[in-house]
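These notes are about the structure you will find just below.
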Amino acid sequence: MASLLLVGASACAALGGGPDYPEVAGHYAGVVVVEGQTIEGELEVVQVGPALTVIFQAPSFNLRALGDGPPQADGSARLQVEYDLQCPGVAEMTGDFTEGARNFRGSLVATDCSGELAGTFDFAR
């Protein structure tokens with residue numbers, strides 16, 4: 001029985017036991033730019049294993065948006081963030097955590113009753 005356990009442990013070690021996810025949890029400050037309009041805000045990232053939950057707050061727009069999505073082993077993430085400005089919508093944020101997860105930058109596509117809007121985001125901690 002002990003040799004069976006050792007073989008199983010060796011197989012897991014050889015196969016890697018699954019992907020390693022970078023630790024990206026923390027408080028980030030930055031901007032979202034949509035159709036030329038800059039929205040300053042803060043992004044709180046909570047990480048539990050391979051799952052991210054985010055809260056984006058932009059006080060000047062009285063906006064609090066919640067979202068989630070999985071991180072990738074390469075440091076990228078695709079997050080679905082629900083918001084409600086003029087009407088309910090969803091922004092898909094696709095980006096990379098860089099410089100030891102000190103920055104999160106990328107592009108976004110927001111879809112709501114006004115249509116589809118494209119933009120970028122840049123956050124740092």
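Read the figures in this text as sums done on the coordinates, not as results from a lab. Here the structure is a predicted model, which means the values were calculated and not measured. Backbone-built Cβ (ideal geometry, glycine too); neighbour counts: all protein chains shown.
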At residue 29 and residue 113, where each label point lies 7 Å from the Cα along Cα→Cβ, what is the point-to-point distance in nanometres? 3.4
May I ask you to derive the relative contact order of region 48-89, considering only C-alpha pairs under 8 Å and at least 6 residues apart, and to give it as an integer percent? 32
Return 61, 121 ranked ascending by Cβ neighbour count within 10 Å, so the fewest neighbours appear first. 61, 121
So if I average 1/r over every pair of distinct C-alpha atoms in region 21-124 and take the inverse, what Kirkwood radius in Å does that give? 13.5
Estimated inter-spin distance, residue 73 and residue 57, nm [label 7 Å along Cα→Cβ]: 3.6
